[in-house]
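Please treat every number below as a calculation from the coordinates, not as lab data. What you see is a predicted model; the values in this text were computed from it and never measured. Note that we place each Cβ from the backbone using ideal geometry, even for glycine, and neighbour counts take in every protein chain shown.
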Amino acid sequence: MENQIKNITVIGTGVIGKGWITRFLTNGYHVTAHDIAPGAEEKMRTSLEDAWPGLIEKGIAKEGDLARLSFTADLKEAVQHADFIQENAPEREDVKRKL
C-alpha cells in the first residue's frame with residue numbers, strides 16, 4: 001500500500017520543530033511550517049540552510065529538497081492541506097488553547 005501521507009504541517013519551529021521539519025524533508029515530504037513568533041521563519045530557514053549541506057554529504061537528505069518547505073503564520077492556512085500534523089508548541093495550556 002502506498003503511503004497516503006504527502007503533506008505534513010509542523011506547528012512550532014523551535015528546536016524540536018526544526019528537528020521534525022528536517023526529518024520530514026529528508027524523507028521527501030512536503031512540509032508547511034507554522035509559527036507565530038517574530039522572526040520564526042528566518043531563524044528556521046537559516047538553521048536548515050546551514051545544516052542541509054552536511055545532511056546531503058552524509059547521505060541523509062537523498063530524497064530531501066528544501067524547496068518542499070513552505071511557511072505561514074496563519075494556522076488555518078497551515079493545516080488546510082495537511083495529511084499529518086506534528087504539533088510542537090510549549091507544554092503550556094495557555095499556548096495550546098490558542099492552537
Of Val31, Val15, Val79, which has the largest mean-square fluctuation in a 10 Å C-alpha GNM of the chain?
Val15
Nitroxide proxy distance, nm - points 7 Å out along Cα→Cβ at Ile16 and Gln80:
2.8 nm
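Relative to the Cα centre, what is the charge dipole magnitude of the chain, using +1 at the beta carbon of each Lys and Arg, -1 at the beta carbon of each Asp and Glu, and rounding to the nearest 20 debye?
Using Cβ point charges on Lys, Arg, Asp and Glu, the chain gives about 120 debye.
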The chain: longest segment with zero exposed trypsin sites (Lys or Arg not before Pro), where exposed means DSSP loop plus at most 11 other C-beta atoms within 10 Å, is residues 1-57
With 0.36 nm assigned to each residue of separation and the Cα-Cα distance removed, Glu87 to Ser70 gains 4.5 nm
Which of Thr46, Thr26, Thr13 fluctuates most in a GNM of the chain (C-alpha springs under 10 Å)? That residue is Thr46
Label-point gap, in nm, between Arg97 and Lys58 - each point 7 angstrom along Cα→Cβ
4.0 nm
Please determine, in degrees from 0 to 90 and to the nearest 10, the orientation of helix 15-26 with respect to the longest principal axis defined by the Cα atoms of the chain, where the helix direction is its Cα long axis.
40 degrees
Give me the angle, in degrees from 0 to 90, between the Cα long axis of helix 40-57 and the longest principal axis of the Cα atoms of the chain, rounded to the nearest 10.
20 degrees
At 7 Å along Cα-to-Cβ for each site, give me the label-to-label distance between Ser47 and Gln4 in nm.
3.1 nm
